[in-house]
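Structure record follows, encoded as structure tokens.
The values are calculated or read from the model by the stated rules, or taken from the named source; none is laboratory data. Please read all numbers here as calculations on a predicted model, not as lab measurements. So basically every Cβ, Gly included, is an ideal-geometry build from the backbone, and we count neighbours across all protein chains shown. Heads up: the accessible areas ignore ligands, DNA and RNA and are worked out on the full protein's heavy atoms, side chains in. Shrake-Rupley method; radii C 1.70, N 1.55, O 1.52, S 1.80 Å.
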Amino acid sequence: MSAENEFIKVRGAKENNLKNVDIDIPRGEFNVVTGLSGSGKSTLAFSTVFAEGQRRYMESLSSYARKFLDQMDKPEVEKIEGLSPAISIEQNTSGTTPRSTVGTVTEIHDYLRLLYARIGTQYSPETGKVVEKKSVGDIVDEVLELPEGLKIKILAPVKTEDFESRLEDLRDRGFSRVNTDKEYDITLDDPEPGEEFEIVIDRLKASEDSRSRIFEAVESALEESGGEIWVEINNIEDETIDTEEIDDKEVLRFSEGFSEPGNDREFMELEQRSFSFNSPLGACDECDGLGKSEAADEDLVVPDKSEPLKNALAPWDFGKDYYRKAITAFANHFNVSEETSFEDLDRDIQEAILHGPDEPIYYTVEKMRGHGLREKEFEGVMEHINRRFHETSSESTRERLREFMSESKCPVCDGSRLSEQSRNVEVNGIQLEEINKSNIDEAYEIFEFIEKELTEREREIGSEIIKEIRERLGFLKQVGLNYLTLDREASTLSGGEAQRIRLATQIGSGLTGVLYVLDEPSIGLHRHDNEKLINTLENLRDLGNTLLVVEHDWNTIKRADNIVDLGPGPGKRGGEIVAQGTQEMVEKASESVTGDFLSGERKIPVPDERRNVEKSLTVKGAREHNLENIDIEVPLNTLTAITGLSGSGKSTFMHDILYNQLTKELNDNQTVKVGEHDDIEGTEQVESVRMIDQSPIGKTPRSNPGTYTGVFDYIRELFAETKLSKKRGYEKGRFSFNVKGGRCEKCKGQGTVKIDMNFLSDVYVECEKCNGNRYNKETLEVKYRGKNISEVLGMEVEEAYDFFQHDRRIKKRLKLLKDVGLGYMELGQPSTTLSGGEAQRVKLSEELGKIRNDDVLYLLDEPTTGLHWEDERKLIEVLHRLVDNGNSVLLIEHELELIKSVDHMIDLGPEGGENGGKIVAEGTPEEVAKNPESYTGKYLENMI
């Protein structure tokens, strides 16, 4: 490669907060872009370098083709030279359809379908016998396997609607014997007529000498019967011969077609579609290939079993005549009182009211629109819900009924999604659903076994297919996803898991000379698995590719060939290259906060003391998913971390069991589905539970940090109090960009107008009426301390904090945003542009600002996602403040800097998937660090 082609040269990058950045990114190297949150990392990597690469590819297509593609705007950059074809591997989830699985998105399922279609053996669901096509020669060979000299009859079973005509035809063609109620010689006797009978084709002995005669008889029998043949055996003594008794005859049955003799089921010849749950040929008839079904759930139908019968049934309002008559008729029939609590009824009576009684119960109700009376049969509350759900065409009715329903495994296919025939196909004794339900490690071992057991013919057909499957499974193992099962829905994957799946797919593609742009691939990974991920990234580089990775992970940064550090601060104070080069070069850069942490000049300190555990919640018998019936004690009034490898059961415990059960108890939310467990002791010590997740703070661009935290209300009040506002009669609502009055009506308060560009991407241009200010001219004339309302919305939190120093309410709210590390964020920044981590910290700031805020249990899932170490330091201080205010904080975390700062740890494992679900260690970080069984403790030991 010539010297001028050794770099991707970016010149004059001004996208978002980038300040005319010039940078040379080495090609063929592992480049990490790091820096404080909001410093411009993603803007440089994705919005500039990748966006330009993608745009150039789009421009190479014809205008006709571009009509059907999402177009990309040209980034604000003067020029980029040396740009390779670019592939972005981001953290968005892999598909939103429930039909998409880990197996389908990795194409492993496509290869599995091909393998089972080519070398699979199909079995009859009814008898367990092999179903296969047999030629005349195959049948003859099996007949000749019978004991030498054994007397046999070759029979052709036939059906007819006109027995006499068929009999006459047989006589004319020289046949002499048939079986109806017994064997007849039709040349001498008239047999007893019947719709079904057997033609006796030949009587002979099983012998190799008779091969040609048997061949002719079999051929004739298949022709007469339409593809089926019986071999009657006399005086059989060999019990190993698998005969059937039909009308006092011992017979072997054979079929020429793809069917089982005597079985009316129509078997299909195996093809790839036979194993696709997206095809009618392969999908389960009951669930249509989804693997799950919606049905009424007893816990949702009867949320409080202590209530009297008449009030216990949530879907049935006893105040309504229809339901009152049904419940009264039921109570009278079983001689129980409507006032008896549901839990005091015998279980068989409970079952009867839920699913319907064994004997009918009738009651009379008015006909629709009041025209007379009609008799109704009591069908059971849950059966009533299920029937209405499937019969109604109203989506609103379905949504209402869903409040009392839950998803569960399809009872027919047991969640495999496949049809009955597809489930009964095996390769070396292993069904496809067994592979799909296995995790990646187990599936890899299964194929090692299958490969060893293949016959020569099967190996010739299937060896290349198995090679492809094993390679893909191996790539998934390399990126630390060995705990995932192939049937896991893609929509349930975290952003990090989805990204690593795409990464594994790219490794398998074997491309070279490509620019890969990745967004924090270490998110959601334990340090133990992160080593594998870094090795994988280095393998991609070694193939001849260029990696541009946005990352905060300590190990990833240290293993990079080239580090690009943006800063020196966030937001408007960022957007510059403060350091570039090796780790040593970054450590020496005077303005690099990253360099200070790498060199040890700055640190997140280990707490001098940790809070003692004085009270706690205890979850008994947690056994949802892979949790192994464990009791977990959750300390209160402490900062506690749940740790462990990916797939060890952390999210199952915190989300499915703890949060859902506490929401049900404390917030009286009876519609949530709680993970399996026995009980939670100590809930009376918690006033409420709050999940501070990374979901957006608003669904539209009109929502922003100012509106979410309420600070914008106070700011609008200040503007309404100005002299000009009072003179003109402007009230607080005048300064909202969401309602008519003060906003610009041309752009409806958006500040931009969309222009449809046909086959080019839509262009958003600044509104020419308000010049992007969102408000009309009259509103912008009102100024507070020299600034109009639009200028205030454009302020960063830090700037606004200084500007509103004299207003205690606004200052307090803005101080909280600063405390969580969001000083760089604009007050009016649309919520849709915030990262998950930023949205989570906005929510945290709001919680900190609440007046009475004690005995709350806060739950957070990986709050350090997307955070630089300096931002982590601020976050840790905020979390400790929440605890100091009398609350409890429980979080799932992999980041060791935060883990070392907690009071208490619960480490699950020891591995992921089926090898997880146990408590490996618990206690202070020092105690866990000493536990030799804990992977977390092993990495934590060096940091304490």
Within segment 168-197, track down each residue that is loosely packed, with under 10 Cβ neighbours inside 10 Å and in contact (Cβ under 8 Å) with a residue 24 or more places away in the chain. none
Search result, residues across segment 90-121 that are within 19 Å of Ser259 (Cβ to Cβ) and either at pLDDT below 90 or among the hydroxyl-bearing types (Ser, Thr, Tyr) (or both): Thr121
I'd like to check something: does segment 838-845 contain any residue that is under 30 Å from the mean Cα position of the chain (by Cα) and closer than 30 Å to Glu442 by Cβ? no
Can you tell me which residue among Lys850, Lys811 is without any contact (Cβ under 8 Å) to a residue 12 or more places away in the chain and outside any helix (DSSP H, G or I)? Lys850
Residues of segment 619-634 being more than 21 Å from the chain's Cα centre (by Cα) and open to solvent by 30 Å² or more (accessible area, probe 1.4 Å), in sequence order, are Lys620, Glu628, Asn629, Asp631, Glu633
Taking segment 377-426 and keeping only residues that are at positive phi and in contact (Cβ under 8 Å) with a residue 60 or more places away in the chain, one is left with Gly415, Arg417
Test for Ile876: is it at negative phi, modelled with pLDDT of 95 or more and under 32 Å from the mean Cα position of the chain (by Cα): no
Could you check segment 561-596 and list, in sequence order, the residues that are polar (S, T, N, Q), in a strand (DSSP E or B) and touching a helix residue (DSSP H, G or I) at 6+ places or on another chain (Cβ under 8 Å)? Gln580
Note on segment 388-426: residues hydroxyl-bearing (Ser, Thr, Tyr) and out of contact with any strand residue (DSSP E or B) (no Cβ under 8 Å at 6 or more places or on another chain) are Thr392, Ser393, Ser394, Ser396, Thr397, Ser416, Ser422
Looking only at segment 675-697, count every residue that is among the β-branched types (Val, Ile, Thr) and either part of a strand (DSSP E or B) or touching a strand residue (DSSP E or B) at 6+ places or on another chain (Cβ under 6 Å) (or both) and tell me the total. 4
Complete set of residues in segment 564-586 that are in contact with a strand residue (DSSP E or B) (Cβ under 8 Å, 6 or more places away or on another chain) and either open to solvent by less than 10 Å² (accessible area, probe 1.4 Å) or among the small types (Gly, Ala, Ser) (or both): Val564, Asp565, Leu566, Gly567, Gly571, Gly574, Gly575, Ala579, Gly581, Val586
When you go through Ala117, Ala156 one by one, which is the residue that is more than 53 Å from the chain's Cα centre (by Cα), open to solvent by less than 70 Å² (accessible area, probe 1.4 Å) and of a type in the set (A, V, I, L, M)? Ala156
Being charged (D, E, K, R), assigned to a helix (DSSP H, G or I) and either modelled with pLDDT under 90 or at negative phi (or both), is that true of even one residue in segment 821-834? no
Condition test on Ile557, is it crowded, with 19+ Cβ neighbours inside 10 Å, under 24 Å from Met943 (Cβ atoms) and not hydroxyl-bearing (Ser, Thr, Tyr)? yes
Asn637 is checked against (1) outside any loop (DSSP other than H, G, I, E, B); (2) surrounded by 15 or more Cβ atoms within 10 Å (Cβ to Cβ); (3) over 24 Å from the mean Cα position of the chain (by Cα) and fails just one. What number does that condition carry? (1)
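Let's see how each residue does on (1) out of contact with any helix residue (DSSP H, G or I) (no Cβ under 7 Å at 6 or more places or on another chain); (2) touching a residue at least 40 places away in the same chain (Cβ under 8 Å); (3) surrounded by fewer than 21 Cβ atoms within 10 Å (Cβ to Cβ):
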| position | (1), (2), (3) |
| --- | --- |
| Asn20 | yes, no, yes |
| Glu29 | no, yes, yes |
| Ala51 | yes, no, no |
| Arg55 | yes, no, yes |
Being open to solvent by 20 Å² or more (accessible area, probe 1.4 Å) and within 32 Å of the chain's Cα centre (by Cα) narrows Lys918, Lys900 down to just Lys918
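To keep it simple, each residue is scored yes or no on (1) open to solvent by less than 10 Å² (accessible area, probe 1.4 Å); (2) over 22 Å from Gly480 (Cβ atoms).
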{"site": "Leu844", "(1), (2)": "yes, yes"}
{"site": "Gly913", "(1), (2)": "no, no"}
{"site": "Tyr939", "(1), (2)": "no, no"}
{"site": "Ile944", "(1), (2)": "no, yes"}
Do you know which residues across segment 509-544 are among the small types (Gly, Ala, Ser) and crowded, with 16+ Cβ neighbours inside 10 Å? Ser522, Gly524
Any chance segment 644-662 includes a residue that's within 22 Å of the chain's Cα centre (by Cα) and in a strand (DSSP E or B)? yes
Please determine, by comparing only the residues of segment 587-605 that are among the hydrophobic types (A, V, I, L, M, F, W, C) and touching a residue at least 60 places away in the same chain (Cβ under 8 Å), which one is surrounded by the fewest Cβ atoms within 10 Å (Cβ to Cβ). Ile604
Of the residues in segment 308-332, those that are within 40 Å of the chain's Cα centre (by Cα) and assigned to a helix (DSSP H, G or I) number 5
Please count how many residues of segment 397-425 are under 18 Å from Thr127 (Cα atoms) and out of contact with any Ser or Thr (no Cβ under 9 Å at 6 or more places or on another chain). 1
Taking segment 689-717, which residues are open to solvent by less than 20 Å² (accessible area, probe 1.4 Å) and over 29 Å from Val753 (Cα atoms)? Val689, Ile692
Assess whether Lys477 counts as being open to solvent by 50 Å² or more (accessible area, probe 1.4 Å), farther than 26 Å from Gly28 by Cα, of a type in the set (D, E, K, R) and not in a loop (DSSP other than H, G, I, E, B). no
From the list Lys325, Lys320, pick out the single residue that is touching a strand residue (DSSP E or B) at 6+ places or on another chain (Cβ under 6 Å), over 30 Å from Val105 (Cα atoms) and surrounded by fewer than 17 Cβ atoms within 10 Å (Cβ to Cβ). Lys325
Criterion (farther than 30 Å from Ser419 by Cβ, at pLDDT below 90 and open to solvent by 40 Å² or more (accessible area, probe 1.4 Å)) met by exactly one of Glu126, Glu142, Glu161, Glu132: Glu161
